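First up is the structure itself, then whatever we jot down about it.
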Ligand code: AMP
């Protein structure tokens with residue numbers, strides 16, 4: 001496919017606000033792709049070069065790009081920067097500069113998608129002496145050979161400013177439509193995606209062997225499995241009821257979720273967002289190499305800081321200090337990690353996802369013997385609400401977050417929030433409700449004392465996975481420190497967009513829309529029904545429509561932004577509905 005064709009599709013995508021239309025455009029685009037090309041199209045459209053777990057960053061700063069634009073267009077620094085200022089985006093600036101340029105274009109070479117991808121890959125991975133000059137030269141060559149629209153996307157892509165609004169669910173639905181003319185076969189591809197986490201690979205498999213080939217995909221080493229997620233319920237009896245009267249109750253540890261892949265001596269670790277975290281935790285890697293006898297295994301647990309002398313787990317604020325690129329070895333001594341393993345998904349070539357929890361647990365316990373650093377999560381199996389409650393209270397007294405109950409018969413349900421795992425946290429008790437992770441979709445100008453900061457608050461949304469849409473749930477104006485406001489203002493101006501972004505469902509118009517990118521953690525007193533918000537919006541008995549909103553929302557956490565969560569990891573609409581119905585039950589039982 002010519003890069004020109006891809007750019008024309010990007011133009012169409014950026015002009016639509018309709019998700020259905022987006023899926024149609026993507027499906028048309030995928031139909032035109034050749035084998036070996038569709039994966040590149042998929043990565044590029046999401047502004048990436050590879051799946052998250054490969055972790056290739058572009059490393060192209062504005063300054064490098066500006067130099068490339070100057071060489072390619074003949075404009076000087078002042079001219080490039082002045083247009084950049086006007087447009088607020090270097091891609092748009094380049095498009096305008098080329099359109100109004102009187103210079104003849106330097107090259108008439110027509111690049112195809114693979115050429116551009118290949119150059120971008122090289123630009124992202126080249127390092128060492130002279131690499132900056134090579135990057136500039138390669139970018140300039142690409143821009144020089146492009147028409148204004150192509151150049152816009154050549155510039156936007158490595159600057160991470162494509163912002164086409166295409167999420168994972170959108171791609172999967174488009175692949176289903178491309179391959180079977182039906183959107184609904186997406187559910188088959190969901191499963192494949194949940195076990196390999198690589199949309200590009202799925203694209204290639206579907207293009208080559210159709211949807212049938214995707215059905216046969218198996219778990220494999222060094223392709224992280226999308227994590228199983230837990231539902232929530234507030235009491236032991238409700239959880240026991242839901243689980244058929246008897247279940248396992250495991251302590252819930254608050255640290256980094258850690259998926260371990262081991263093949264002989266080769267070990268890699270992946271985070272909840274499936275980014276590779278191997279280099280961050282050499283102590284865990286060593287423990288796996290030294291103590292795990294299995295040759296080939298995938299298992300997971302929670303890594304958290306541990307005080308060896310007092311044998312106590314430390315709170316998340318301590319563990320988070322291990323999240324660093326430098327000075328890791330010094331921190332290991334101060335804050336050693338312990339891995340509390342709670343599941344196993346693959347062992348010596350066998351995919352264990354469809355084995356019941358109890359079988360997996362037995363295999364897990366056998367596989368991880370003999371280490372001081374790795375142990376199985378502490379648990380009981382019970383059918384007694386009293387024993388359940390006591391275990392919970394005990395865990396909380398020991399400084400833990402609560403418990404995760406597990407259905408003894410359940411499979412490992414990758415990538416989904418199901419009642420086979422149910423969490424119960426100490427925060428469900430007393431006045432505090434659970435926190436919500438919300439996506440920022442807009443913000444407000446500062447008024448009064450905040451005028452100087454130009455920041456007055458956020459418009460926040462939950463993610464509705466079923467609809468693949470972001471639905472508003474609250475305006476957020478409190479809980480910010482001055483530093484946080486400054487940081488948010490700085491981050492958000494960079495992702496401002498002119499109109500409501502695709503996949504955003506909102507009845508409210510903020511002062512500025514932003515591309516859904518950042519997640520914040522919010523606490524509130526209560527969930528209420530509201531005609532203003534689109535979260536879970538549905539027809540009421542009186543004929544009006546209402547959604548859900550938060551009462552007294554406030555930002556929590558020192559870091560304003562949750563770097564470990566992507567927009568699609570935000571609280572789901574179904575969780576809000578569940579929390580609302582639990583709240584009703586609690587308030588009724590308190591009457
Ligand atoms: P939350 O982040 O509140 O949705 O809770 C789910 C998270 O708890 C998982 O993603 C794990 O990282 C963590 N966790 C801690 N202990 C366990 C456990 N025993 N079983 C499953 N998940 C656990």
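When each of 295, 308 is scored by the number of other beta-carbon atoms lying within 10 Å, the sequence from fewest to most is 308, 295.
Which of rounded, prolate, oblate describes region 229-424, given a ≥ b ≥ c as roots of the alpha-carbon gyration tensor eigenvalues and a/c under 1.5 marking rounded, otherwise prolate only if a/b is larger than b/c? It is oblate, given that a/c is not under 1.5 and a/b is not larger than b/c.
Once the Cβ-Cβ distance of residue 409 and residue 16 is raised to the sixth power relative to R0 = 60 Å, the FRET efficiency obtained is 0.85. The alpha carbons of region 436-589 stretch over 45, 33, 32 Å along the principal axes, in descending order. Using only the alpha-carbon atoms, how far is helix 357-367 inclined from the longest principal axis of the chain? Give it as 0 to 90 degrees, nearest 10. Approximately 90 degrees, to the nearest ten.
Note on residue 318 and residue 583: their simple-model spin labels are 3.4 nm apart, each label 7 Å out from Cα toward Cβ. The C-alpha atoms of the chain define a longest principal axis, and helix 77-87 lies at about 60 degrees to it. Counting only alpha carbon atoms, the long axis of helix 573-589 and the longest principal axis of the chain meet at about 30°. The label point for residue 216 and the one for residue 160, both projected 7 Å from the Cα toward the Cβ, are 3.9 nm apart. Normalised by the number of residues in region 436-589, the average gap of Cα pairs under 8 Å and 6 or more apart makes the relative contact order 28 percent. Grab the DSSP H runs of the chain that are 4 residues or longer, score each as -39,500 (n - 2.57), total them, divide by all residues and round the 222 nm result to the nearest 500 deg cm²/dmol. Result for the chain, helices only: -11500 deg cm²/dmol. A protection proxy built from the mean count of other Cβ atoms within 10 Å ranks the segments 479-485, 38-44, most packed first, as 38-44, 479-485. Calculate the FRET efficiency for residue 545 and residue 129 from the Cβ-Cβ distance with a Förster distance of 45 Å, rounded to the nearest 0.05. Efficiency for this residue pair is about 0.15. By the equivalent-ellipsoid construction on the alpha carbon gyration tensor, region 6-91 comes out with semi-axes of 29, 18, 12 Å, ordered largest to smallest.
Over region 229-424, what is the relative contact order in whole percent, taking alpha-carbon pairs under 8 Å and six or more residues apart? Relative contact order comes out at 34 percent.
Listed from fewest to most Cβ neighbours within 10 Å, the set 2, 363 follows the order 2, 363. Per residue, the convex hull spanned by the Cα atoms of the chain measures out at 177 cubic angstrom. Pairs of Cα atoms nearer than 8 Å and 6+ residues apart set the relative contact order; for the chain it is 12 percent. At full extension, residue 366 and residue 435 could sit 21.2 nm farther apart than now, given 0.36 nm per residue minus the alpha carbon distance.
May I ask you to give the average projected area over all directions of the convex hull of the Cα atoms of region 10-53, in nm² rounded to one decimal? Orientation-averaged projected area of the Cα hull: 3.5 nm².
Taking region 232-254 and a reference point 7 angstrom along Cα→Cβ of residue 381, the backbone N atoms nearer than 12 Å belong to 246-249.
None of the figures in this text is laboratory data; all of them are computed from the coordinates on show. What you are looking at is a predicted structure, and each value in this text was computed from that prediction instead of being measured. Every residue, glycine as well, gets a Cβ built from its backbone with ideal geometry; the counts of neighbours run over all protein chains shown.
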